[in-house]
Amino acid sequence: MVLGKWERSIFVLILLFANASGAYVGINIGNMMSNLPSAADIVLILKAQQIKHVRLFDANHQMLGALANTGIDVMIGVPNDQLLRIGNSRSEAADWINKNVAAFVPETNITYIAVGNEILTSIPNAALVLVPAMQFLQSALVASNLNLQVKVSSPLSMDMIPKSFPPSTATFNSSWNSVMSQYLQFLVNTGSPLMVNAQPYYGYIKGQGIYPLEYALFQPLNPNNQIVDPNTNFYYDNMFDAMVDAAYYSMQSLNFTGIPVIVTASGWPSQGGANESDATVDNALIYNSNLVRHVLNNSGTPSQPTTAVSTYIYELFNEDLRPGPVSEKNWGIFFSNGTAVYSLNFGNQAVSKPDPTGLVGIFCVANPSADTNALKKGLDWACGPGEANCTAILPGEPCYDASNLVALASYAYNDYYHRMQTSGGTCNFGNTAMISTTNPSHGSCVFAGSSGPSNSTDSSSAFGPSS
């Protein structure tokens, strides 16, 4: 049984958006939608989800003002239609920096300028001014004493690498070798990263069945479907790593090394047209949850195992005004009204506390006779505001059962109860839960033991969501 829209939305992805070694996951914020939320409302969403890194495709002053004093790191963009003007005039570049950067720092923590987006593959006639634009902007940053805080780069499409597998033989499109050499030299000179939009969804679709879907979604591969670079013997268990390594090897082909890669856009569409069967909510949730987990484990890629790749998820909102197929409009995690396409919580993953000494064998489980909608609400609350660790009920994890809402809710309720029982948490959830002495664990799905001595259901307060 495949989860319906609301059943899918009960899953909460606990995303840690920064870690000790500096690797992070951020998010893109586009604006091609009929009802764009106000800058203040967008920042409220970012704060509520504890998102610490954002990428804007322009330098919208309302957004930059709203992001002031929030602690959120901001990547701003030079829109493609402004590139020719800036790339042809040092004074225009200086004016752009003064109006869009110097006027907002330090209150707004601008850390990167993305000069255009996929310029070489989308508007190749602007190629000759790309590097000059970057140089002029850099000079203006130096003049404003902001060059150490703000780095300049330009996001590339993976289409710049015509043959990305095997990664060890990948090269940039030779038509742009001169421009790319200048671009990469600029990155070396300024200590800036290579920006790449790496979208396994497109790689999978364009492969037309060459690659298994699991490879694109970071899911385990069948032993008979292992993907190996024959020149290096590196095993690639996901397409994302292969794309990033293709970028590293493409730089090496032009004799450039030591330039870090930042992935400026990566995600998965949650809806597609009749011929886009892999654009689903389930796949979007699986991809983004696995992407975050992968980036934050700091393992790097097979060719660069000690270099973690910070990544910006594409994107915060669905953009209904984007041209193209249905999938193009549905990469967002949220609708423009602020409701979730699929429920996510971008806060820090709760850390399990050791069970205090007490009675073992008490479990807080969902009542099988409870109303289905009430169970969904209880599950949403437990995995969201209640801060239960719901990782084990995500797709692909040991306690995931798409056809059994009661089992999913039981795991979430029980985890919450064990964490919070000693500080007043109860087993109630809008009267959809009950105390049981029957262990619901099965196989590799292990429920936590009781965290307190309660022998009966405590219904003194409800922890389920309000209507």
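Please work out the C-alpha center-to-center distance from the range 387-410 to the range 320-339 and express it in whole Å.
The range 387-410 and the range 320-339 have Cα centres spaced 27 Å from each other.
How big is the antiparallel share of DSSP beta bridges in the chain, given as a percent to the nearest 5? All intermediate terms of the calculation are to be shown ahead of the outcome.
On the way: 8 of 37 bridges.
Antiparallel bridges: around 20 percent, rounded to the nearest 5.
If the only charges are +1 at each Lys and Arg Cβ and -1 at each Asp and Glu Cβ, what is the size of the charge dipole of the range 366-438 around the Cα centre, to the nearest 20 debye?
Numbers: 3 positive and 6 negative charges, 26 e Å.
My answer is approximately 120 debye.
Which residue, chosen from ALA242, SER175, GLY207, occupies the Cα position most advanced towards the positive end of the dipole of the range 147-248, where the dipole is computed from +1 (Lys, Arg) and -1 (Asp, Glu) charges on Cβ about the Cα centre?
It is SER175, whose Cα lies furthest towards the positive end.
To the nearest 10 Å², what's SER178's accessible area with a 1.4 Å probe?
About 80 Å², rounded to the nearest 10.
Mind putting together the pair-distance distribution for the range 66-193? All Cα pairs, 10 Å bins, whole percent per bin, short to long.
Computed distribution, short to long bins: 13, 42, 31, 12, 2.
If the chain between ASN225 and GLU107 were fully stretched, how many nm would it gain, using 0.36 nm times the residue separation less the Cα-Cα distance?
Values: separation 118, 0.36 × 118 = 42.48 nm, distance 5.06 nm.
Contour length minus Cα-Cα distance gives 37.4 nm.
Quick one: dipole size for the chain, taken about the Cα centre, charges +1 on Lys/Arg Cβ and -1 on Asp/Glu Cβ, in debye to the nearest 20.
Values: 18 positive and 30 negative charges, 110 e Å.
Approximately 520 debye in magnitude.
With a 1.4 Å probe and all protein chains kept in place, how much accessible area does TYR211 have, in Å² rounded to the nearest 10?
The value for TYR211 is about 60 Å².
Ranking request for peptides 192-198, 138-144: highest mean number of other beta-carbon atoms within 10 Å first, then the rest in descending order.
Details: 192-198: 23.3, 138-144: 18.0.
Packing order, densest peptide first, comes out as 192-198, 138-144.
Sort the following peptides by mean Cβ neighbour count (other Cβ atoms within 10 Å, averaged over residues), highest first: 366-376, 164-174, 224-234.
Values: 366-376: 17.2, 164-174: 19.5, 224-234: 12.8.
Output ranking for 366-376, 164-174, 224-234: 164-174, 366-376, 224-234.
HN-Hα J couplings of the range 316-329 from phi, Karplus 6.51/-1.76/1.60, θ = phi - 60°, integer Hz, Gly and Pro as x?
6, 10, 5, 10, 6, 8, 5, x, x, x, 4, 4, 4, 8
Run the reach check for LYS151 against aspartates and glutamates, Cα to Cα strictly under 14 Å, same-chain hits fewer than 8 apart removed. What comes back?
Of all the aspartates and glutamates, those that pass the test against LYS151 - Cα under 14 Å, at least 8 places apart if same chain - are ASP73.
Taking a label point 7 Å from the Cα of THR372 along the Cα→Cβ vector, which residues of the range 394-415 have an amide N closer than 12 Å to it?
403-406
Using a basic spin-label model with each label point 7 Å from the Cα along Cα→Cβ, how many nm lie between ASN80 and THR232?
3.0
Can you tell me how much longer the chain between ASN297 and LEU128 gets when fully stretched, taken as 0.36 nm per residue apart minus their C-alpha distance, in nm with one decimal? Each step should come with its number before you reach the end.
Working: separation 169, 0.36 × 169 = 60.84 nm, distance 3.87 nm.
Roughly 57.0 nm would be gained on extension.
The values are calculated or read from the model by the stated rules, or taken from the named source; none is laboratory data. These numbers come from a predicted model, not from an experiment. Virtual Cβ from ideal backbone geometry, glycine too; neighbours counted across all protein chains shown. To get the accessible areas, we keep the full protein, side chains included, count just its heavy atoms, and leave off ligands, DNA and RNA. Shrake-Rupley method; radii C 1.70, N 1.55, O 1.52, S 1.80 Å.
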